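Visitor: To start, I am sharing the structure in question, which I have written as structure tokens.
The values are calculated or read from the model by the stated rules, or taken from the named source; none is laboratory data. Since this is a predicted model, take the numbers as computed values, not measurements. Neighbour counts run over all protein chains shown; Cβ positions are idealised from the backbone, glycine included. We work out accessible area using only protein heavy atoms, side chains counted, and drop any ligands, DNA or RNA first. Shrake-Rupley method; radii C 1.70, N 1.55, O 1.52, S 1.80 Å.
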Amino acid sequence: MERTLSIVKPDGVAKNVIGEVVKRFESNGIKIVAMKMIHMNQAQAEGFYAVHKERPFFGSLTEFMTSGPIVVMVLEGENVIAKNRELMGATNFKEAAEGTIRRDFATDIEKNVVHGSDAPETAAFEIGYFFNSFEIVG
Ligand code: CMP
């Protein structure tokens, strides 16, 4: 069993696709073991995306991620890190495969509807960033 962090980003919340994203997880055998809606401030967004702080898009990304509420979830299942990334599709929606979340709903490389951890170490950091052990069930 593996866990990963999923975020429905401000554009996904604004587009009313929270349910659609959740449905894709659940219908693919992924369990949601924690979930909440939050609105990050600048410092929280910068801390979350600290690995990208040298990237040219860091300022714009953190501004976008604080522009509205997000839904953070802990997903659980076998190979769930890879499975979630498969369901999301490529970061750039133009390169995302047919039927993926980003291909269906993203409009921009930055406003790409969802985030998912990319490896076990990042999943552990990202889950711990938003949830304590009492907030995760199962
Ligand atoms: P995410 O999977 O959350 O990880 C980093 C985020 O930076 C990415 O999704 C996009 O929202 C954003 N981003 C903006 N521009 C780029 C870019 N050129 N390459 C990768 N990520 C980008």
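Visitor: Evaluate the Debye formula for segment 24-93 with equal point scatterers sitting on the alpha carbons, no solvent, and hand back log10 of I(q)/I(0) at q = 0.25 Å⁻¹, in q order, two decimals.
Guide: -1.12
Visitor: Related question: Rounded to the nearest 0.05, what FRET efficiency is calculated for Asn16 and Thr107 with R0 set to 25 Å and r the Cβ-Cβ distance?
Guide: According to the calculation, E is roughly 0.95.
Visitor: Sticking with this structure for a sec: Between Glu86 and Asn28, 0.36 nm times their residue separation minus their Cα-Cα distance comes to what?
Guide: 19.8 nm
Visitor: Roll a 1.4 Å probe over the protein chains and send me the accessible area per residue for segment 1-129 in Å².
Guide: That works out to 51 Å² for each residue.
Visitor: Let me check I have the definition right: for segment 1-129, take the eigenvalues of the Cα gyration tensor, multiply each by 5, take square roots. What are those semi-axes in whole Å, largest first?
Guide: They are 20, 17, 14 Å, listed largest first.
Visitor: How large, in percent, is the carbon and sulfur part of the accessible surface of segment 47-112 at a probe radius of 1.4 Å?
Guide: Of all accessible area on segment 47-112, carbon and sulfur atoms account for 49 percent.
Visitor: Using the Cα centre of segment 26-138 as origin and beta-carbon charges of +1 (Lys, Arg) and -1 (Asp, Glu), tell me which of Tyr129, Gly116, Ile70 is placed farthest towards the positive end of the dipole.
Guide: Projecting each Cα onto the dipole axis, the largest value belongs to Ile70.
Visitor: Tell me, what is the FRET efficiency for Glu78 and Met37 to the nearest 0.05, using R0 = 35 angstrom and their Cβ-Cβ distance as r?
Guide: 0.80
Visitor: With runs of 4+ DSSP H residues as the only contributors, calculate the mean residue ellipticity of the chain at 222 nm using -39,500 (n - 2.57) per run, divided by the residue total and rounded to the nearest 500.
Guide: -10500 deg cm²/dmol
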